[in-house]
1. Taking every pair of Cα atoms in region 201-380, average 1/r, invert it to obtain the Kirkwood radius, and report Rg/Rh to two decimals.
2. If I measure Cβ to Cβ between cysteines in the chain, which ones have no partner under 4.7 Å?
3. Between Asn425 and Asp611, what is 0.36 nm times their sequence separation minus the Cα-Cα distance? Round to one decimal in nm.
4. Find the relative contact order for region 203-267 and round it to a whole percent, using C-alpha pairs within less than 8 Å whose residues are 6+ positions apart.
5. Starting from the Cα of Glu63, step 7 Å toward the Cβ, then list every residue of region 1-30 with an amide N under 16 Å from that point.
6. I want to make sure I understand the PRE zone here: with the label point 7 angstrom from the Cα of Lys730 toward its beta carbon, which residues in region 668-691 have backbone N atoms less than 17 Å away?
7. In deg cm²/dmol, rounded to 500, what helix-only [θ] at 222 nm does the chain give when every DSSP H run of at least 4 residues adds -39500 (n - 2.57) and the total is split over its residues?
8. So what is the diffusion coefficient of region 440-496 in µm² per second by Stokes-Einstein at 25 °C and 0.890 mPa s, using a Kirkwood Rh over Cα pairs?
Amino acid sequence: MPMFVDVAFPISSYKVFSYRVPGAFSKSIAVGSRVKAPLGKRTAQGIVVCIRKKTEFKGRIKEISGLVDDKPILNEALWRLITWVSEYYLVPLGKAATAVLPTRLSTEYSPHSNKTVMLVESPDMTLVGKRATAQKEVLRFLSQKKIPILISELNSVLKNPYQVCKKLHELGLVVLGEKSILPSTTGFLHEPIHKDIKFNEDQKDVINKLTSSINAENFSPYLLHGVTGSGKTEIYIEAARKVLKKGKSAIILLPEISLTPQIAGRFKAAFGDTVTLWHSKLGQSERAWIWKQICAGDFKVVVGARSAVFMPLKNIGLIVMDEEQESSFKQESPDPRYHSREVALMRGKIDKSVVLLSSATPSLDSYYNQVKGKIDLLHLPKRFGGAKYPLVHVVDMNEESEEAGNPRYIFSSLLQEKIQERLDNNEQVILLQNRRGHSPVVRCMDCGYLEVCPHCAVTLTYHKRGNTLQCHQCGFVQSPPPSQCQNCSGDRIHLSGIGTQRVEDLVENTFPSAVIKRLDIDSAKSARVISTTLTKFSKGEIDILLGTQMIAKGLDFENATLVGIINADAGLYLPDFRAGERVFQLIYQASGRAGRRQKQGEVVIQTYDKDNPVIHAASKLDLKKYYNVLLNERKSLNYPPFSWIAKVEFAGKIKQNVESVSQTVSTSLPDPFKGLEILGPSYCYRERIRDNWRMQIVFKSNKDKDVSGTRLHTFLRKGLKIDDLKQTQKGVRITIDINPVSLL
Ligand code: ADP
Ligand code: ZN
């Protein structure tokens, strides 16, 4: 019987192509198989999305020319998820699939392995020669161990242990073996962290609810709102344990896995080799290897960043999203611009599993969904073990800087005093400054000219290390910085604004005997640097840890009792509807780092805008109040969670073309339905990035008229003629962003 397949290719067209399947492949081909097939003049690789007995296609039908994998590299449920991603985010199916699958899935990769040795049961010691002291030494060492150990461990006992083990093996006294070094552990430090856990009443309550949902095997979304230090991570571990017991699997999503080696270590301790990590620092072949192991059922728990939501695990019982408000869960490029939270909820629906969104500072969207009863609330209102909330001081920097000279412009006298106090007590300090570099603004004092990136509409930041000006958007570097103004040739160039390097210099000068370490993307190029720094800090080898938002979250340091927020206002005035929410969450999270145990912690918040509702509520650690203010504001402006939004972005090198293409698209849109607002086309806030001019059209559809967002969705699909949409027109790229996290 003839057999036909529909194949989707990773190209920007939305079309699926039909092929005949040659007899040789007909047995092994399945939905999810990757195949090679002629496409135009070339042969391309695509994914089988449908198998048919007949084809509707009228023209001359071509044949599949090759099969890439012998088995499908996807399961049915995951395929449904990818299909959903393609429909929901309005991207071609092939493109959605390419984004999910590791590119090198077909290359062979096997991890390095190390040799192991173990004593046999009841060894016959008479076989050991009288003078064979080395052999005896090894046997004595092994008799204390019950499991295979790495032969390299014997290096501490004798030289060249491998030869001795080989000899013992010939005598039939030991068993040799191999243990593969899992790729996910390379370049990563996460020693298992073992703990004795006895759950308190609040925690038990949460676990009971989760357990009954796990057992019910229904889609059950939850918001776990737990203050920092309330034991959320312990809850994830316990819930995962319940899921594994039922023979199911679990995904744990973390915003930035390289920043959270401690959490990975706790999972490693609990689940050993059934857990693997998945993060951006893995190489392509490592990804392929892990992917295949998961398909083979070797791993049951994946701890990973954003894209781990697409792991090919079967039978998922639990998906956890830690710090669910983090914008790093949103993929900005390439397409599809998906949000892991949205994908996780859909995956939970498909797999009928528990989805646990978790945070001390939930996103306003999840918070509102819980208020509306769309997801259930689990609450951990208290820190574990009665650790106290920190004492918060707000310093008005307007008064500070008037009163005194330069250093106070960065450090209030209160913050200086407090740091000194903690250092004298042998306690540790965390300083947050959410801007890297030395000075974010380079200004001519004569004409006011600002140094801007030649490729982007943003100012250049002065970096003292390396003596350069850098663009934080595109990475442009100018070295050395100009000594004269480019505009008026004046030589009074002023470095203003505060970056982490500047704070670092000042801290070093003010507290010369303290050990200080800076953590931002400039100082932490690799995951190892980050985890080494964090380990050192937790061991007390660093007194002051200074950094960007990198250091604000998820970390658990017993002896860090003071948190200083150098400039709480950073980011507050960006023209984006989520700006306030983000600043609040950052301050709140950072404050949560202070005094996690018995010692009372303190937080010093420095601001120029003391009465700003964001700063005010954050300093009172009053989340509920602030979220209510926010909800009112969003409602009156018709922003999420009261509306659905979408953004169509136009980017290209030639300004006129960007304007004309966006205009053409805009005028070809049908009339909006009632409740839909269309804004633009207008220039984005950052109107030029990497030499590309940027314009956008923003769509806002009120939820009163469009409860589930389907009206907006249909409008876009039809209005943009998605099925025929050319994504590049006159050199202008058109990108669609459903539920964008920002409009900058
Ligand atoms: P969160 O993830 O909410 O910030 P953690 O799970 O990290 O909180 O808990 C804070 C600290 O308290 C951790 O060191 C954790 O191991 C400990 N802890 C939490 N709950 C318990 C418990 N029931 N028994 C023992 N230690 C606990
Ligand atoms: Zn630039």
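The values are calculated or read from the model by the stated rules, or taken from the named source; none is laboratory data. All of these numbers come straight from a predicted model, not from anything done at the bench. Positions of Cβ are backbone-derived with ideal geometry, glycine not excepted, and every protein chain shown enters the neighbour counts. The area values use the complete protein model at the heavy-atom level, side chains included, leaving out ligands, DNA and RNA. Shrake-Rupley method; radii C 1.70, N 1.55, O 1.52, S 1.80 Å.
1. Expressed as Rg/Rh, it is 0.93.
2. Cys50, Cys165, Cys295, Cys474, Cys684
3. Extending this stretch completely gives an extra 63.7 nm.
4. Here the relative contact order equals 31 percent.
5. Only 1-5, 19-29 pass the distance filter.
6. 668-669, 681-683
7. After summing the helix terms and dividing by residue count, I get -9000 deg cm²/dmol.
8. Estimated via Stokes-Einstein, D reaches 219 µm²/s.
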